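Chemist: Starting off with a structure, shown below.
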Amino acid sequence: MPKKLLIVDDSPVSRAIIKKCLPEGHDFELFEAEDGQQGLEKFKEVKPDATLLDLTMPVMDGFEALEEIKKVDSGAQVIVLTADIQPKAYETVMGLGAAMVVPKPPSSESIADGLSKIGLI
């Protein structure tokens with residue numbers, strides 16, 4: 001059965017890059033959202049095995065979305081992808097329950113590492 005992955009990023013280009021970085025040979029069912037609010041709604045709807053979440057987005061940012069997702073499912077596996085690698089942002093998202101932070105732009109190796117860390121591959 002395919003693993004469900006939710007990609008939440010306001011940039012269509014970023015979502016495309018993330019999809020290209022997914023490891024080959026694994027069966028993923030992909031879902032996308034353009035902001036944190038859409039991501040939260042899609043999370044509730046599809047109950048993904050993992051969520052790849054951007055931080056800087058309109059409507060609801062990744063910090064808020066992560067907090068809300070964890071309220072819905074405290075065991076949710078969320079990998080944060082961000083260009084904001086300041087220690088404060090890192091500490092905040094880890095404190096909110098992110099599994100890990102992957103710097104943008106992501107690489108195939110960094111995405112595979114994240115998915116491996118949470119046991120998805």
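Chemist: Which of A98, A76, A89 moves the most in a Gaussian network model of the chain with Cα springs under 10 Å?
Modeler: So, out of A98, A76, A89, the one fluctuating most is A89.
Chemist: OK, next. Under a crude label model (7 Å from the Cα following the beta-carbon direction), how far is E29 from T56 in nanometres?
Modeler: Each label point lies 7 Å from its Cα, and together they span 3.4 nm.
Chemist: While we're on this one: With springs connecting C-alpha atoms under 10 Å apart, model the chain as a Gaussian network and identify which of S74, S108, S14 has the largest mean-square fluctuation.
Modeler: Its mean-square fluctuation being the largest, the pick is S74.
Chemist: Based only on other Cβ atoms within 10 Å, what is the fewest-to-most ordering of I17, I118, I111?
Modeler: I118, I17, I111
Chemist: Moving on to the next point. Determine the distance separating the Cα centre of the stretch 100-121 from the Cα centre of the stretch 17-94; give it in Å without decimals.
Modeler: 12
Chemist: State the label only: which of (1) 16.2, 59; (2) 20.6, 54; (3) 12.7, 38 corresponds to Rg and Dmax of the Cα atoms in Å computed from the shown model?
Modeler: Answer label, from the structure shown: (3).
Chemist: Given R₀ = 30 Å, FRET efficiency for Q86-I118 by Cβ-Cβ distance, to 0.05?
Modeler: The calculated FRET efficiency here is 0.80.
Chemist: For the stretch 3-117, what does the relative contact order come out to in percent, with C-alpha contacts under 8 Å and a separation of six or more?
Modeler: Reported as a whole number, the value is 27 percent.
Where a number appears in this text, it was derived from the coordinates with a stated rule and is not lab data. Note that the structure is predicted; figures quoted are calculated from it, not measured. Virtual Cβ from ideal backbone geometry, glycine too; neighbours counted across all protein chains shown.
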